[in-house]
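In what follows, a single structure is set out as structure tokens and then discussed.
What follows draws every value from the coordinates through simple rules; no lab data is involved. Given the structure is predicted, the values throughout are model-derived calculations rather than measurements. In this analysis, Cβ positions are derived from the backbone assuming ideal geometry, glycine residues included, and neighbour counts consider all displayed protein chains.
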Amino acid sequence: MSRGHSEPLNSTPEFEKLLQQATHRVRYVLRLYVTGATDRSSRAITNIRWFCERYLKGRYDLLVVDIYQQPSLAQTQEIIAAPTLVKSEPLPSKRLVGDFSDRERLATSLGIRKEKEGENPYV
């Protein structure tokens, strides 16, 4: 059966639902560059893993790179400080330095946006 031209098709709610689902499927590709087993490196690893499991669960790939063990990877990425977190996806790419204990700043820096009141605070 044809709908004819008398009644416009309202797909806005369907589109918004699909858009929200697509946003939840965005995959984050992260590399954390650290310098051995220092306290600062250990804190950064713990903080990033906690953050990813809390706010990006099932939607991230995290590779921890010890620049003492793999200096060529750090050189290729031009890492000059550690710990450094490199987000390559989604674009735009970002570089963050620190121990990542400020979760609000980390979320903002990674482009993880706040949602409306009552919804998941991170996407």
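Kindly put 30, 63 in sequence by how many other C-beta atoms sit within 10 Å of each C-beta, fewest to most.
Exposure proxy ranking, most exposed first: 63, 30.
Among 88, 41, which comes first, second and so on when ranked by fewest other beta-carbon atoms within 10 Å? Walk me through the intermediate numbers first.
Numbers: 88 14, 41 21.
Sorted ascending by nearby Cβ count, the order is 88, 41.
Give a quick list of GluC sites (Glu not before Pro) in the range 44-108 that DSSP marks as loop, anything other than H, G, I, E or B, with at most 13 other Cβ atoms within 10 Å.
On the way: sites: 53, 78, 104; in loops: 78.
The qualifying sites are 78.
Let's see if you can work this out: charge +1 on each Lys and Arg Cβ, -1 on each Asp and Glu Cβ, no other charges. What is the dipole magnitude of the range 27-110 about its Cα centre, in debye to the nearest 20?
280 debye
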